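Worksheet: one structure, shown below.
The values are calculated or read from the model by the stated rules, or taken from the named source; none is laboratory data. All values derive from a computational prediction rather than experimental measurement. Glycine gets a Cβ as well: all are built from the backbone with ideal geometry, and neighbour counts include every protein chain shown.
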Amino acid sequence: MTVIDTRTQTAPQRTARTRHYLMCPPQHFEVTYAINPWMNTQVPVDVERAHVQWEVLRNTYLSLGHTVELIEPMAGQPDMVFAANGGLVVGKRAYGAKFRFPERTAEGVAYGEWLSEFGIDVFQPAQINEGEGDFLALKKMILAGTGFRTSLEAHIEAANALDRPVVSLELVDPRFYHLDTAIAILDDGHGDSPAEIAYFPGAFSRHSQRTLRDLFPNAILCTEADALVLGLNSVSDGRNVVVPSAAERFSEQLRERGYNPVPVDLSEFLKSGGSVKCCTMEMHR
Ligand code: ARG
């Protein structure tokens, strides 16, 4: 009897596309306030360790052949390391960020200025939104989260600013307060293959679970255990998926689908409710 390995038989060939990222060095990273359930000002951050973990992430992108730009960190802005929140860049345009909590307001301004200086046309938002924390860009649409941070009005504003259709999704579990804690874009649909995502259904309202099922019937469904180590807060180039190392089952699921999981440990950033994707703004050029 011949044993057929269905995994190697069915897993499609994945193709990487070179990406352009913006990151912010963790110079001033700490937990001095609590604006999500992961943050506890009594739990100290190991600053040395955080710096090493962040460097490993940056070097991982570089070794995969991607470009990483850096923004100057600002004293007094401990969450600025979470570059994903600084805006949503699509092509030569960006939809600027406007943070929910006053603690992070200054970051929106700094990221907006950086993007402008970089030659990107930045739309100044009137509505509360936290950039790529809640907006995930695919070729044909932008997935947008609401419920905790980004307002529903911002979804319409972003659609107009970037001239792309937006699909609104409702987050209902405070542990998954940003869309990028509950969905990972694995393939953005720019190449020959259809868009592919992974998500944790429990983070969404019933109608949004249905939207996701209808739009992405082949999505990877992530376990709650993996979602709770922010496994979905990962960054894919279409083939290599930089994924929080604690999300072991998710890495296996990625492999089964033909992706190459690249585990990195960002445990110090988990103390602030962030991981790989949070530390990374992708400039979707
Ligand atoms: N402490 C930060 C906050 O609560 C974490 C931001 C994480 N960023 C993200 N893209 N999910 O705002």
Among 203, 246, which is the only one that is crowded, with 18+ Cβ neighbours inside 10 Å and within 13 Å of the ligand (Cβ to nearest atom)? 203
Which numbered condition in (1) more than 23 Å from residue 108 (Cβ to Cβ); (2) part of a loop (DSSP other than H, G, I, E, B) is the only one that residue 61 fails? (2)
Condition first: touching a residue at least 12 places away in the same chain (Cβ under 8 Å) and part of a helix (DSSP H, G or I). Now tell me which residues in the stretch 221-254 satisfy that. 224, 225, 226, 227, 248, 249, 250, 251, 253, 254
What single numbered condition from (1) under 26 Å from residue 79 (Cα atoms); (2) away from the ligand (no atom under 16 Å from the Cβ); (3) hydrophobic (A, V, I, L, M, F, W, C) fails to hold for residue 166? (1)
Quick one: in the stretch 65-94, which of the residues that are outside any strand (DSSP E or B) and of a type in the set (Asp, Glu) is farthest from residue 235 (Cα to Cα)? 72
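Assess whether residue 118 counts as being of a type in the set (Phe, Trp, Tyr), surrounded by 17 or more Cβ atoms within 10 Å (Cβ to Cβ) and more than 13 Å from the ligand (Cβ to nearest atom).
no
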Can you tell which of 21, 61 is at pLDDT 95 or above, touching a strand residue (DSSP E or B) at 6+ places or on another chain (Cβ under 6 Å) and within 15 Å of the ligand (Cβ to nearest atom)? 21
